[in-house]
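The values are calculated or read from the model by the stated rules, or taken from the named source; none is laboratory data. Bear in mind the structure is a predicted one, so any value in this text is a computation, not a measurement. All Cβ positions, glycine included, derive from the backbone under ideal geometry; neighbour counts span all protein chains shown.
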Amino acid sequence: MSVPDFQSIMLPLMQFASDGKEHSFRESVEYLAEFFKLSENDRKELLPSGQQPTFDNRVGWSKTYLLKAGLLESPRRSIFQITIRGKEVLSRNPSQINAKFLKQFPEYQEFAGANTTVENSSQLPQDPLTEQITPEEALATAYQKLKLALAQDLLTLVKDCTPDFFERLVVKLLVKMGYGGSIQDAGRAIGRSGDEGIDGIIKEDRLGLDAIYIQAKKWEGTVGRPEIQKFVGALAGQGAKKGVFITTSSFSRDAYEYAKNMKDTKVVLLDGEQLTQYMIDYNLGVSIISQYELKKIDSDFFADE
C-alpha cells in the first residue's frame, strides 16, 4: 500500500504503545511499517524537500500530536510511552484517532490554536492538522506551488525579451552556475563562433581546462531531433565533445532520446521550464522577499547532558 497519512497512523501508534512500556521512535517506525505492510519503495519515499523519508516524518508528527494531547508522554529524551489518559481513550475502542478527535483535550487545543468559542471559530484560519499531510509537507508543497507559479511568470518574460538579451541572460546564468570564469570572459565567448548551430563557447571551469559549446535560441514550437543533429554536427566540426542546447520552448521525445544515446559527445538539453527553474535556484531575474528556516532539535548538543 502507499504511505498512510499522518492521522491514519495515530490509532495504530497508540495501540503499539498500549503495553505501557517505554518505546523509541525507531521501534515505532519499524512496527508501523510492518503494520501497514509498506514496501521498500514506500519506505524510501522522500518528502518534497528530499531531506527525510515521508513515512518517518509522518510517524514523528503523529507522535508529536499525541504527546501534545496528553495521550502519550516522554519520560526521557527520544522515548515515549502511553499515559493514563491514553489508556482510557483506548478502552473506549475508538474507530479512529485524528486531529478532530484530539480537539476534545485542552492541551491539544492550546497547541493547535483551537482554544476558541464556537461562535468565533469560523473566523479562524483552517487548522492545517485537519489536512491529510503534516505541517512540514504542507510547507514544502506550498513552496513548490509558489515556485511553479513564479517559473511560469518568469518564462513569459523570457520569451518576450530580445534575442540579444536572451543570450546575455544565458551567459549570466551559466556563470552563476560556476561555468565560464568571469562575466567578461563569458560575455566575449557568446556570439563569437559564427558556425552554424553554435552561438558561443564558454569555459567549463575558471581555469579553462575544457570548453562547452552553446546554442541559445528563442524558439516557437517544439525543438525536434533534426535541430539537435545539426548542433551535434557543428560540434563535430569543431572537434568538441560537450554542448548545451538552450531554448525557451520544449524538446520532442526524439530529441531527448537522441541526446541521451550519444556516446562520444555529451549534449545537455535545457528547455524553457528547466531554464526558469535554474534562474530561480540561482537568483537570476528574481529577488528574495522572505525566508523561513525549518529547524529541528540538535541531538548532539544534548548528548553530554
Test for Ile289: is it aliphatic (A, V, I, L, M), out of contact with any helix residue (DSSP H, G or I) (no Cβ under 9 Å at 6 or more places or on another chain), without any contact (Cβ under 8 Å) to a residue 12 or more places away in the chain and under 29 Å from Leu157 (Cβ atoms)
yes
Matching residues in region 1-28 (assigned to a helix (DSSP H, G or I) and buried (at least 19 other Cβ atoms within 10 Å of the Cβ)) number 6
Given the structure, is Leu32 in the same structural domain as Leu72 (by TED's automatic domain parsing) and either more than 22 Å from the chain's Cα centre (by Cα) or surrounded by 17 or more Cβ atoms within 10 Å (Cβ to Cβ) (or both)?
yes
For Ile214, the lone unmet condition from (1) on the phi > 0 side of the Ramachandran plot; (2) at pLDDT below 90 is (1)
Q: Report yes if Gln96 is of a type outside the set (A, V, I, L, M, F, W, C), over 26 Å from Leu294 (Cβ atoms) and in contact with a His (Cβ under 7 Å, 6 or more places away or on another chain), otherwise no.
A: no
Matching residues in region 233-251 (farther than 22 Å from Phe166 by Cα and either surrounded by 15 or more Cβ atoms within 10 Å (Cβ to Cβ) or without any contact (Cβ under 8 Å) to a residue 40 or more places away in the chain (or both)) number 6
How many residues of region 108-151 are of a type outside the set (Gly, Ala, Ser), modelled with pLDDT of 50 or more and outside any helix (DSSP H, G or I)? The answer is 4
Practice task
Report yes if some residue within region 179-194 is modelled with pLDDT under 85, in a helix (DSSP H, G or I) and under 28 Å from the mean Cα position of the chain (by Cα); otherwise report no.
Solution key: no
Reported set for region 153-173 where residues are free of Cβ contacts under 8 Å to residues at least 40 places away in the same chain and in a helix (DSSP H, G or I) is Asp153, Thr156, Asp160, Asp164, Phe165, Arg168, Val171
The residue that is surrounded by the fewest Cβ atoms within 10 Å (Cβ to Cβ), considering only those in region 195-211 that are under 16 Å from Thr265 (Cβ atoms) and modelled with pLDDT of 70 or more, is Asp210
Residue pairs within 8 Å by beta carbon, gap of at least six or interchain, first lying in region 78-91 and β-branched (Val, Ile, Thr) and modelled with pLDDT of 95 or more, second buried (at least 22 other Cβ atoms within 10 Å of the Cβ) and assigned to a helix (DSSP H, G or I), listed first then second, are Ile82/Ala17
If you check Phe302 against the conditions, is it assigned by TED's automatic domain parsing to the domain that holds Phe165 and either in contact with a strand residue (DSSP E or B) (Cβ under 6 Å, 6 or more places away or on another chain) or farther than 21 Å from Lys176 by Cα (or both)? no
Looking across region 258-271 at residues that are assigned to a helix (DSSP H, G or I) and in contact (Cβ under 8 Å) with a residue 24 or more places away in the chain, the single one that is farthest from Arg168 (Cα to Cα) is Tyr258
